[in-house]
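Can you read through this structure? Questions will come right after.
The values are calculated or read from the model by the stated rules, or taken from the named source; none is laboratory data. Nothing here was measured: the structure is a model prediction, and the numbers come from that model. Every residue, glycine among them, receives a Cβ derived from its backbone with ideal geometry; neighbour counts consider all protein chains shown.
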Amino acid sequence: MKKIILLLTLCSFMLVAACSNSGNGNQGTPTESDAGSAGNEVVTLKFYTNAKGEKGEPLMNIVEAFNAQSKNVKVEHVALVQNNDSREMLQKLDVLSSSGEAVDIVLLNNEGYVLERAGNGMLYPLDEFYEANQINAEDEFYRNPKYDGKYYGAMTDASFWYVAINENHLKEAGLDKPSFDWTWDDFREYAKKLKESKEGRFGAYFHTFGEYANLIAYTDFKNPQLKEDGTLLFDDPSFEYWFNLRRGMEVEDKSVRPLADVLAAKQHWATDFMNGTTSMMPIAMYSLDEAFLNDTSYPRDFNITFAPLPRSSKEVEPGLTSIGGSYLSIHKNSKHKEAAFEFIKFATMEGATLSGRIPGWKKADGKAIVTEIVGDKKNLVDMDALIATLFDERVRTAGSSVISVPYQQQLKKVAEGGINKFLLDDVPFEEARTFMLDEGQKIIISNK
């Protein structure tokens, strides 16, 4: 009987203790794995970009929104430069990385930058986080940089390429808005007629960006410098065609500002177009918020209309375009990789529309976002042409390449060097092609 009483007493004591604990919550010290869920620890992520970090900047809107809705993970932006120069930012980031600096998330402004740093071991692959969150990257994003079979960047914004055209100039020249059927030969003819419609005007403008070494390589091929067998693309006929197109427009037609003058001027890419001395310009969609909708920095008396990038030939189906963009990546030094992906997922998917740019997320409502971006400035751009150019059902890309190398940016520089020799040094195309093939092969060999 005494044993029974003792047993009942012990049971009663245990029951009271259990009730007491349930009323007071978890009184124990949380482990590192559950500290966040217990609300006793806040993880702060270091986010490195080429932005200034000022309120209202596209990514800062996303950071602010994420921090407002996240209890245990906060993002701290770190500005490495104050001039938005992505190359300078990367130089500083490379130094920080080699010194072991705490870096969690980095913004990389093009696919080549991602592949380059995935190849040198700076970045951590995203595959395990995609799998854990049941995300099929190819279904979610327009572009997915892969290195050695693994994903290393989630696309933040999709920067579609198009041709921006001064609508007043178009009317003065008696030209219709170009359709999806036009080719680069047609583009050249348009430039000639636009130039001839008024003295002192250029029909088109090509800046110093690497894409202008051969825009066809960026629309018609999965990799703009390499074939799918890993050999150099520089001997493809599109390079000879494009180089001769550029020289013909400079020398014969005099419809574009010569590259030598563009380099000497050291001017912003938008200057000639926005001051009305140039009629057309192939450019990516970042041009909207940087210039076309900025009537404070670029006051003007003309409307801007849009056309798709021309076809490389009449045999190619209309609609091929280049889609660039920026990417968020996890740094290998991060001690909070899971939390870093939590922010990346928010920034590239459900929160991506807050950036004021078309997200790289395919499931976003692009038309609604463009309408919101333009807002009350519809008098500055041709909305119908813009929407049609971006979202026509024929618009597509050549897709992702099976080839991914860490020296992609170096090959891009080789293509730039090739067209510079061709246009500035006036060498035959064969000599420029030999230069590109030789220099490109040296890079390939040095990276083996």
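Do you know which residues across segment 230-287 are hydroxyl-bearing (Ser, Thr, Tyr), under 26 Å from Gln410 (Cβ atoms) and in a loop (DSSP other than H, G, I, E, B)? Walk me through how you get there before you give the answer.
We begin by selecting, within segment 230-287, every residue hydroxyl-bearing (Ser, Thr, Tyr); these are 231, 238, 241, 255, 271, 277-279, 286-287.
Next, only the ones that are under 26 Å from Gln410 (Cβ atoms) stay: 231, 238, 241, 286.
Within segment 230-287, Thr231, Tyr286 qualify.
Further question: Can you name the residue in segment 301-336 that is of a type in the set (D, E, K, R) and either surrounded by fewer than 20 Cβ atoms within 10 Å (Cβ to Cβ) or free of Cβ contacts under 8 Å to residues at least 40 places away in the same chain (or both) and, of all such residues, is farthest from Lys171 (Cα to Cα)? Before the answer, list the steps.
Applying the first criterion (of a type in the set (D, E, K, R)) to segment 301-336 yields 301, 311, 314-315, 317, 332, 335.
When the remaining residues are screened for being either surrounded by fewer than 20 Cβ atoms within 10 Å (Cβ to Cβ) or free of Cβ contacts under 8 Å to residues at least 40 places away in the same chain (or both), the result is 301, 314-315, 317, 332, 335.
Values: Asp301: 14, Lys314: 26, Glu315: 29, Glu317: 28, Lys332: 54, Lys335: 59 Å.
For segment 301-336, the residue satisfying everything is Lys335.
For segment 293-306, does any single residue satisfy the condition of being among the aromatic types (Phe, Trp, Tyr), in a strand (DSSP E or B), within 25 Å of Asp176 (Cα to Cα) and within 23 Å of the chain's Cα centre (by Cα)?
To start, the set of residues in segment 293-306 that are among the aromatic types (Phe, Trp, Tyr) comprises 298, 302, 306.
From what is left, the residues that are in a strand (DSSP E or B) are 306.
Then keep just the ones that are within 25 Å of Asp176 (Cα to Cα); that gives 306.
Going one step further and asking which of them are within 23 Å of the chain's Cα centre (by Cα), we end up with 306.
Checked against the condition, which is being among the aromatic types (Phe, Trp, Tyr), in a strand (DSSP E or B), within 25 Å of Asp176 (Cα to Cα) and within 23 Å of the chain's Cα centre (by Cα), segment 293-306 yields at least one hit.
Moving to a separate point now. Out of (1) at pLDDT below 95; (2) closer than 30 Å to Leu245 by Cβ; (3) exposed (fewer than 15 other Cβ atoms within 10 Å of the Cβ); (4) of a type in the set (Ser, Thr, Tyr), the odd one out for Ser99 is which?
(2)
Among the listed residues Gly53, Gly36, identify the single one that is surrounded by 11 or more Cβ atoms within 10 Å (Cβ to Cβ), touching a strand residue (DSSP E or B) at 6+ places or on another chain (Cβ under 9 Å) and modelled with pLDDT under 50.
Going through Gly53, Gly36 in turn, the sole match is Gly36.
Next up: Answer with yes or no whether Asp289 is touching a residue at least 12 places away in the same chain (Cβ under 8 Å) and surrounded by fewer than 17 Cβ atoms within 10 Å (Cβ to Cβ).
Criteria met by Asp289.
If I ask for residues that are part of a strand (DSSP E or B) and either of a type in the set (A, V, I, L, M) or touching a strand residue (DSSP E or B) at 6+ places or on another chain (Cβ under 6 Å) (or both), which ones from segment 135-151 would you list? Outline the logic, then answer.
Kept after step one, since they are part of a strand (DSSP E or B), are these residues of segment 135-151: 141, 146-147, 150-151.
Answer for segment 135-151, where residues must be part of a strand (DSSP E or B) and either of a type in the set (A, V, I, L, M) or touching a strand residue (DSSP E or B) at 6+ places or on another chain (Cβ under 6 Å) (or both): just Phe141.
Still on this structure, please answer the following. For residues in segment 102-134 being touching a residue at least 24 places away in the same chain (Cβ under 8 Å) and surrounded by fewer than 18 Cβ atoms within 10 Å (Cβ to Cβ), which is farthest from Val78 (Cα to Cα)?
So, considering only residues that are touching a residue at least 24 places away in the same chain (Cβ under 8 Å) and surrounded by fewer than 18 Cβ atoms within 10 Å (Cβ to Cβ), the one farthest from Val78 (Cα to Cα) is Asn133.
Still on this structure, please answer the following. Let me spell it out: the conditions are (1) of a type outside the set (Gly, Ala, Ser); (2) assigned to a helix (DSSP H, G or I); (3) within 30 Å of Leu126 (Cβ to Cβ), and Glu350 meets all of them except one. Which number is the exception?
Just one mismatch for Glu350, condition (2).
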